[in-house]
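Asker: Quick one: the structure is below, and I'll ask about it shortly.
The values are calculated or read from the model by the stated rules, or taken from the named source; none is laboratory data. All values reported here derive from a predicted model rather than from experimental measurement. Positions of Cβ are generated from backbone atoms using ideal geometry, with glycine treated the same way; all protein chains shown enter the neighbour counts.
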Amino acid sequence: MKTQYFKIIFISIALLFSNAVIYAQDFQGKATYISKSKMELGRWGARMSEAQKKQIAARLKNRLEKEFVLVFNKQESVFTEEEQLDAISGATDSWGKNFAAGENYKNVKTNAQIQQQEFYGKKFLVKDKLQKIDWTLGKESKQIGNYLCYKATSFIPTDDLLWYSFSWSRMRSTDNQDAEDEENNEPEVDVTQIEAWYTPQIPVGHGPSEYWGLPGLILEVSAGGTTMLCSKIVINSVETIEIEAPKKGTTVTKNEYQDIIQKKMAEFRNNRMRRR
């Protein structure tokens, strides 16, 4: 009985100490995430052999599997991708870089996001509010590394979640929407279900990519066919971590940046059609 009593006292003191460290003025952390995405081949996949699918997966490995780093303090965070070489050519993925998320700064106190994007050699500084996420907190829990995590879910409009990216299907939807607007029909909104796992043991409202706003650091998040999982955490290392928002680029909002992408890609499409 005494052993159990002292065990409870020890755990309580340890938790109080860890919370004191978390709320210290100079608190900071660094988390590494591994991202894995499913390969979507659509109707073309049905025509391919397993050998062809494996070959394509090997070529797209640096797009389907990525590594990211999140540095954070109590209020701010910066999320960046670790650059990788192409598994086949040994070069960086220059095409994919045009539509990948750039350096992402978030401030949960001021509700501000600043993200640096590069599109065909031109730098943009996208300044906007943080993505609004209405989380539903669940009771399910699981262990991720040394941390006890709890489940949270939400739904986010896909276009809001992937505002920095481009897809031909989105352009076709926009074209169709213009026709529907003329007929005064209600637009269809595609949404993505989000499943996140956060740990109250690190009580900060940060997370990878667009995700934030939970009562603990998000260690795992799944959206669509992509899952990000934290593989390493360092809290209050000896080395001081500088957290600064990106500063270079033409300042635009998320909607303005998406308009720029859509117009440029429509221009590419029209030029190609003319040449044909």
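Asker: Please specify each residue of the stretch 139-169 satisfying the condition of being of a type outside the set (D, E, K, R) and under 14 Å from the mean Cα position of the chain (by Cα).
Answerer: Hits for the stretch 139-169 are I156, T158, L161, L162, W163, Y164, S165.
Asker: Under 8 Å between Cβ atoms, at least 6 apart or on separate chains: pull out the pairs that start in the stretch 123-145 with a residue that is under 20 Å from M228 (Cβ atoms) and assigned to a strand (DSSP E or B) and end on any residue that is among the polar types (S, T, N, Q) and at pLDDT 95 or above.
Answerer: T136/T153; T136/S154; G138/T153; I144/T199
Asker: Just a yes or no: is a residue in the stretch 240-249 exposed (fewer than 10 other Cβ atoms within 10 Å of the Cβ), of a type in the set (S, T, N, Q) and out of contact with any Ser or Thr (no Cβ under 7 Å at 6 or more places or on another chain)?
Answerer: Looking through the stretch 240-249, at least one residue is exposed (fewer than 10 other Cβ atoms within 10 Å of the Cβ), of a type in the set (S, T, N, Q) and out of contact with any Ser or Thr (no Cβ under 7 Å at 6 or more places or on another chain).
Asker: What do you reckon, is K264 modelled with pLDDT under 95, out of contact with any Lys or Arg (no Cβ under 8 Å at 6 or more places or on another chain) and either surrounded by 13 or more Cβ atoms within 10 Å (Cβ to Cβ) or part of a loop (DSSP other than H, G, I, E, B) (or both)?
Answerer: Here the answer is yes, as K264 does meet what is asked.
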